[in-house]
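The values are calculated or read from the model by the stated rules, or taken from the named source; none is laboratory data. If you're wondering where the values come from, they're calculated on a predicted model, not measured in any experiment. Because the Cβ atoms are built from the backbone with ideal geometry, glycine has one as well, and the counts that use them run over all protein chains shown. Side chains included, ligands, DNA and RNA excluded: accessible areas come from the protein's heavy atoms. Shrake-Rupley method; radii C 1.70, N 1.55, O 1.52, S 1.80 Å.
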Amino acid sequence: DDESRHFLMLQHRLLELGSFYGKLPAHQIIHQTAENSTNSLACRMALGQLVQEARGVDAAPNLAAKLNQMKDTASSAIVKQIGDEEIDHVRLGL
């Protein structure tokens, strides 16, 4: 599944950089979204799949460009790939 693959791509890259998923405050958004939607599948779908993934689609090109400017082409390629793949998820509402 795409989401599992995306997580593994990010986790692998963070480990290469000496970090791990969950270390940075930005990683907590997934947990906050899950906690905020425990009573409603529709809410969870809207928050996670539509809102958070749409934010990722919007942010990916700028983040990839900044990572390229920092000469981190490996991270940039991952962000670009994930952003490109999320477009269909947001379009379809999945």
Kindly give Rg over Rh for the chain, based on alpha-carbon atoms, with the Kirkwood expression for the hydrodynamic radius. 0.98
Need the list of aspartates and glutamates near residue 71 for cross-linking: C-alpha distance under 19 angstrom, and skip anything on the same chain fewer than eight residues off. 16
Expressed as a whole percentage, what fraction of the accessible surface of region 1-79 belongs to carbon and sulfur atoms when a 1.4 Å probe is rolled over the protein heavy atoms? 62
Between 59, 34, 26, which gets the highest mean-square fluctuation from a Gaussian network model of the chain, Cα cutoff 10 Å? 26
Which values of log₁₀ I(q)/I(0), to two decimal places, follow from the Debye formula for region 18-73 at q = 0.27, 0.30 Å⁻¹ with a uniform point scatterer at every Cα? -1.06, -1.11
How high is the relative contact order of the chain, given as a whole-number percent (alpha carbon pairs under 8 Å, six or more residues apart)? 25
Give the cross-link partners of residue 80 among the aspartates and glutamates, using a straight C-alpha distance below 15 Å as the criterion and excluding same-chain residues fewer than 8 apart. 2, 3, 53, 58, 72, 88
At most 12 other Cβ within 10 Å, DSSP loop - trypsin sites (Lys or Arg not before Pro), region 19-94: 23, 71
Rounded to whole Å and sorted largest first, what semi-axes of the equivalent ellipsoid does the C-alpha gyration tensor of region 44-94 yield via the square root of 5 times each eigenvalue? 23, 9, 7
About the Cα centre, charge dipole magnitude for region 2-61 (Lys/Arg +1, Asp/Glu -1 at Cβ), debye: 100
Work out the charge dipole of region 1-81 with +1 on the Cβ of Lys and Arg and -1 on the Cβ of Asp and Glu about the Cα centre, then indicate which of 11, 39, 50 is farthest towards its positive end. 11
To the nearest Å², the heavy-atom accessible area per residue of the chain with 1.4 Å probe amounts to 68
